[in-house]
1. Restricting the first residue to the stretch 25-52 and requiring it to be not assigned by TED's automatic domain parsing to the domain that holds residue 64, which pairs with a second residue that is in a loop (DSSP other than H, G, I, E, B) and buried (at least 17 other Cβ atoms within 10 Å of the Cβ) meet a Cβ separation below 7 Å and a spacing of at least six or different chains?
2. Give 172, 176 a once-over and let me know the one that is in contact with a strand residue (DSSP E or B) (Cβ under 6 Å, 6 or more places away or on another chain), at pLDDT 95 or above and surrounded by 14 or more Cβ atoms within 10 Å (Cβ to Cβ).
3. State whether the residues of the stretch 203-216 include one that is closer than 18 Å to residue 88 by Cβ and without any contact (Cβ under 8 Å) to a residue 60 or more places away in the chain.
4. I'm checking my understanding of the structure. Among residues of the stretch 84-108 that are touching a strand residue (DSSP E or B) at 6+ places or on another chain (Cβ under 6 Å) and closer than 13 Å to residue 167 by Cα, which one is surrounded by the most Cβ atoms within 10 Å (Cβ to Cβ)?
5. Would you confirm, using the coordinates I've provided, whether residue 13 is buried (at least 22 other Cβ atoms within 10 Å of the Cβ), touching a helix residue (DSSP H, G or I) at 6+ places or on another chain (Cβ under 7 Å) and in contact (Cβ under 8 Å) with a residue 12 or more places away in the chain?
6. Mind checking whether some residue in the stretch 85-106 is modelled with pLDDT of 95 or more and part of a helix (DSSP H, G or I)?
7. Wholly within the stretch 108-224, which strands (runs of 3 or more DSSP E) include no fewer than the required count, namely at least 3 residues that are over 25 Å from residue 71 (Cβ atoms) and outside the structural domain of residue 18 (by TED's automatic domain parsing)?
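The values are calculated or read from the model by the stated rules, or taken from the named source; none is laboratory data. Please read these numbers as outputs of a predicted model, since none were measured by experiment. Quick reminder, even Gly has a Cβ in these numbers, built from the backbone with ideal geometry, and neighbours come from all protein chains shown.
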């Protein structure tokens, strides 16, 4: 493999790692093994630290393909806790409000999910990388600065209920670039006259890259040794 000319790698991002950290680790290992001072390495599609799963990493000249690769359809498995919300819509922040769940049935969830298939407008989370007057929204949110993010048009190809175990539900989602599954958790909770936040997220596919094709971080050294 020619990592200088350019390669595309599929890696399973570990829990609590930022996407930047994974890129930094891959770049560091390749620079060391190739004895280079510089090497271009980038990723196609950010994953939150509390999410795991498929990260597409590009090296060398293949970094020019990042925009094309980012546009690929993405698939996720998400676990949502109903009856409670958090400011970040996931476990990064503490629960700030609780709501009833006794009225929620599996049939209600199935019906609610239908509302989110097709073109939808979604307001991104305040704890996101969206920019507000040149600043990252999550930086402003952590400083308790008040601001509003504009809704974005996106496409959800399909959403299916995989498990119903109140107060938790697990759904599989196939969607376009730019979809915030945390925001979807918030909106599903609202649709059920309750609340909701994400407790687990796995990205299982980006375009043709599936979780089964991914390398684990602990496999990288051996993989590079065999392919350099």
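1. Correct list of pairs: empty, since none qualify.
2. Working: 176 fails: at pLDDT 95 or above.
That would be 172, the only listed residue that is in contact with a strand residue (DSSP E or B) (Cβ under 6 Å, 6 or more places away or on another chain), at pLDDT 95 or above and surrounded by 14 or more Cβ atoms within 10 Å (Cβ to Cβ).
3. no
4. 85
5. So residue 13 passes the test.
6. Yes, that holds for at least one residue.
7. Answer list for the stretch 108-224: 152-165, 168-175, 196-206.
Yes/no matrix, rows are residues, columns are (1) in contact with a strand residue (DSSP E or B) (Cβ under 7 Å, 6 or more places away or on another chain); (2) farther than 27 Å from residue 157 by Cβ:
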site: 4; (1), (2): no, yes
site: 13; (1), (2): yes, no
site: 30; (1), (2): yes, yes
site: 47; (1), (2): yes, no
site: 51; (1), (2): yes, no
site: 55; (1), (2): yes, no
site: 61; (1), (2): no, yes
site: 67; (1), (2): no, no
site: 77; (1), (2): yes, no
